[in-house]
1. Multiplying the sequence separation of residue B:372 and residue B:229 by 0.36 nm and subtracting their Cα-Cα distance, what value in nm do you get?
2. Specify the residue with the greatest mean-square fluctuation among A:196, A:30, A:116, computed from a Gaussian network of chain A linking alpha-carbon atoms under 10 Å apart.
3. Order by neighbour count: A:62, B:92, fewest other Cβ atoms within 10 Å first, most last.
4. List the trypsin sites (Lys or Arg not before Pro) within region B:354-402 that DSSP assigns to loop and that have no more than 15 neighbouring Cβ atoms inside 10 Å.
5. In the Gaussian network model of chain A, springs joining C-alpha atoms below 10 Å, which of A:135, A:184, A:107 carries the largest mean-square fluctuation?
6. What FRET efficiency comes out for the pair residue A:73/residue A:251, r = Cβ-Cβ distance, R0 = 45 Å, nearest 0.05?
7. So which lysines can residue B:281 reach, going by Cα to Cα under 19 Å and dropping same-chain residues fewer than 8 places off?
8. Starting from 0.36 nm per residue, how many nanometres of slack lie between residue B:326 and residue B:176 once their C-alpha separation is accounted for?
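Coordinate-derived values only; no laboratory data. All values reported here derive from a predicted model rather than from experimental measurement. In this analysis, Cβ positions are derived from the backbone assuming ideal geometry, glycine residues included, and neighbour counts consider all displayed protein chains.
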Amino acid sequence: MYSVAVVKLTSCSGCVNEVVYAFTFSDVISKYRIEYSTELTDVEEMREVDIAFVEGSITNRHQEELIKSVRSKARFVVALGTCAIMGGVQSLRVGSDINDVKGLVYPEPRYIEVYSNVKPVTDAIMADLAIPGCPVNGDAVVSFLRKYALGGLPIAIYESVCAECKRRELECVMVARGVPCLGPVTISGCRAICPSFGRGCYGCYGIKYFDLDKEKIEAFSRRLAELGMSREDMGALLKGYGFKVYSKITRDEET
Amino acid sequence: MRAVLTRVEGEGSILILERDGRVERVVYEVSEAPRFFEYLVVSKSIERVVDIVSRVCGLCGVSYSFVAAKAFEKCLGVDVDPEVDMIREALHLAERVKSHILHVFYMNLPDLVQAKSFADISQRNPKLLRNMQDVLLWSRKAMEVLGGRFHNVVNIKVGGVYRVPDKSAFEKLRKELDTVIKSFTEFASFVLSVKPFDEFAWNGNAKINQVSLYSLHEYPHHGDRVLLNGDEYSVTQFYRDVVKVLQVPYSTALHYRIKGIEGFVVGPFARFNQFYTMLSKEVRDFVEVHGWRPPLSNVVQSYVARIAETYEALLAIERYLDVFKNAIAVDSNSSISSRERGSVVCEYAVEAPRGILYHKYIASEGRVTVCSIITPTAQNLAAMSDIATTITQGRKVDDNAISIAKRIAISFDPCISCSVHALQVKIFRI
């Protein structure tokens, strides 16, 4: 039986609850034991485990220390979801004065300790596997747990959401109806949920970190603008769901 | 003394202030890192905001998107087809089922049957586990059909939904529902039959202020009127004049008190106690057959309300699905044709699984300029602390006192990520 820890940083628990869903499958339950999770068990301190699932991004020093200690106690670390891999929607505040940000929400901003930056987990530690999504697809977690129990390395699939539309034989919302869609630049894995509901993908699985550069993003942005998506909206989506890649592209612009 | 708060969503701890070895006061410390959603949505278009706010909470994201869409529709004068609105209501009730089932099974039940954790229960009673799985997995399917997925649904927009699901998908859900209701009642029957061991008596004189959304015709669901101990207010009036917000140094969540003094309870406990008569007869009979009656006097009995609400939600979804089976002939692709231009105030409230969720925006030219969100857990924090203090004050600071403080927290089903938008226990000598 493999021991599992579920750790949450700055996030919403959506991915953690997809993990809970994954553990409701009998063939998975029988091979794993949730050893540590503040949501599910009464264990206050994490001990050594086989697998640690980590949800959320790092926004204060305590979390940075915590994640390093999790890394040292877990044989296999899975970075779970857009926050852990890209930074998550909370990245939308990066670039603003942190005191302005605090002041807008809290009457007493001085009590709040938080970085002005938002760090993906993968910036602080080496993760053995990253499962994208906002939230992650629970079936991907099930698939990983089955695979881990069987042994062997995970198989990485590099493709965009477009590939999923093709497989599901969904009509392209952008070509057929002129709906702006981020599918071409977004990591696959969701089964093209938004196009299947007739709306454009908004990139919640994160912007592709492969086969994409500044010029391609620029050309694609122009096409989206022609279809009526404003530059602000485009920027908010790229930053909110693909912060790590977005910030790299904008850094490249500055140099 | 300080202890980690476990079996709750998010990061927090229990702080016990101690005087001469006796409990003086119990405080719930929220250490969850803030995400500043009120800031994140500024300058974003209202369509984007409906998706972004869903990320405040993994457990109740539908409530967030739904209330935001409703708030914008109301202030912009956008009409929504009643049947399309029913799709969103059904989706919201499916989320209530998911949240309540997760809470009762994973977080509440271990205390009720004195088990170490859900794994222990699953081993002891595999049938109970299977029944729970049936309901949970069906709620997932329902959310996938109506909203696209289990968390951060994609089918809610200002003006309605992006797509009306296929008739065949509705029919399939409806067909499975009979078995699911059977699994649920078996599960619920077990839960309601457990004799709770009462290691602490509730002080009958302690008054608990209770607040839920006010509705004339149905069990509280969504709206813009609230009921506080029988008195009716508009949400604007209630959150502007009646409730005062306070920030405390030990918490990243804001606290709310009536006139800045008295705490109040929102959520299943308050809804059940104030609107019991609005539940279906079937649900009331089921509750009463198991020996329960309103009003629930002790917040640790909130799971009874959660069970009743889950049953009520399943029956309501059944009625909705019967309507949907007869095909909804609405084009969901109509664009927003707002009658309003310029700056508008948009506000609305919904009964999220844990209680009233209130959103207020100022929008101008289709973009948000100001946002204020009041979450259920943040509203409950003050009452949680007051109730735990009333019960434990003067007791010896020991494992028993800590366990009472933990149980009270768990019974509120706090959603700490929300409130900031595992508890630890600390004890301080004063």
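1. Between residue B:372 and residue B:229, full extension yields 49.0 nm more.
2. A:30
3. A:62, B:92
4. Passing both the DSSP loop test and the Cβ count: B:395.
5. Evaluated over chain A, the most mobile residue of the options is A:107.
6. 0.85
7. B:182
8. Fully extending the segment from residue B:326 to residue B:176 adds 52.3 nm.
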